[in-house]
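The values are calculated or read from the model by the stated rules, or taken from the named source; none is laboratory data. Owing to the predicted nature of the structure, the values given are computational and were not obtained by experimental measurement. Surface accessibility is based on the protein's heavy atoms, side chains included, excluding ligands, DNA and RNA. Shrake-Rupley method; radii C 1.70, N 1.55, O 1.52, S 1.80 Å.
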Amino acid sequence: MGWTGTIQALFACLITLQFGVVVSHDWIDIPGWTNGTQVQLVVGRRKLWVATLANAIFPGIAVAFAVNFWNRPKPGFVTSYWVIYCAVTLVSAVFMWYVPYFLGTTEKTRLDYSRMYAGTRQVLRPRKDNPRPNLLHLCFHVLFVVNFCLALLVRFRMA
């Protein structure tokens, strides 16, 4: 397998991982990392199911393309989809986590975040009482950046 094949295989594996973590992390409890029970209490199970199903569609399509076009030439619409999906995911993470962390947010959002993520590992220093991404979300955000970069490489055949 050449460099291009390695990049494409890595992307396929990591986009599949991204799908898995995006869909599951609010439903499981791993002490210190994620408190799905707390998220479910704050959001509500029904609303969380709807959000999970909606949030599964776009990464699910990305994974389906990765499987369908494994070791095959990728049409432009597939690689464009990957870039757009990864870019939107990254921008969403910025607006969900870093805008509130740096600029603050409403009292309700601050309270919801503190209730959902209480007891999880924090590595970023507090900024007033602004919500901050916990360690698990920081790991997710690194994954999103890596997948976006790999999607660009695959799309523009830089690999």
Label corresponding to percent of Cα pairs over 20 Å apart when calculated from the structure given, among [x] 54; [y] 60; [z] 74
[x]
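How much mean residue ellipticity at 222 nm does the chain get from its helices, if each DSSP H run of length 4 or more adds -39500 (n - 2.57) and you divide by all residues, to the nearest 500 deg cm²/dmol?
Details: 7 runs with 108 residues, N = 159.
The helix-only estimate for the chain comes to -22500 deg cm²/dmol at 222 nm.
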To the nearest 10 square angstrom, how much accessible area does PHE19 have with a 1.4 angstrom probe?
70 Å²
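Taking Cα pairs under 8 Å and at least six residues apart, what relative contact order does the chain come out at, in percent? All intermediate terms of the calculation are to be shown ahead of the outcome.
Working: 159 pairs, mean separation 54.4, N = 159.
34 percent.
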Keeping all protein chains in the complex and leaving out DNA, RNA and ligands, what accessible area do you get for TRP97 with a 1.4 Å probe, in Å² to the nearest 10?
10 Å²
Rg and Dmax [Cα atoms of the stretch 48-101; Å; Rg one decimal, Dmax integer]
13.6, 42
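At a 1.4 Å probe radius, which order do VAL23, VAL145 fall into by accessible area, largest first?
Numbers: VAL23 40, VAL145 65 Å².
Ranked from most to least accessible, the order is VAL145, VAL23.
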How much accessible surface area, in Å² rounded to 10, belongs to the heavy atoms of SER114 with a 1.4 Å probe?
60 Å²
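Within the chain, which complete DSSP H helices have Cα atoms spanning at least 24 Å along the helix axis and a mean Kyte-Doolittle hydropathy of -1.0 or higher?
Details: long enough: 3-24 (31 Å, 1.50); 45-68 (32 Å, 0.92); 76-93 (26 Å, 1.51); 135-155 (30 Å, 2.10).
Span-like helices in the chain: 3-24, 45-68, 76-93, 135-155.
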With the 1.4 Å probe rolled over protein heavy atoms, the stretch 1-71 has an accessible area per residue in Å² of 58 Å²
Below 20 Å, Cα to Cα, which aspartates and glutamates can LYS128 reach? Residues fewer than 8 away in the same chain don't count.
GLU107, ASP112
Check the straight Cα-Cα distances from LYS47 and name the aspartates and glutamates below 14 Å, setting aside those fewer than 8 residues away within the same chain.
ASP26
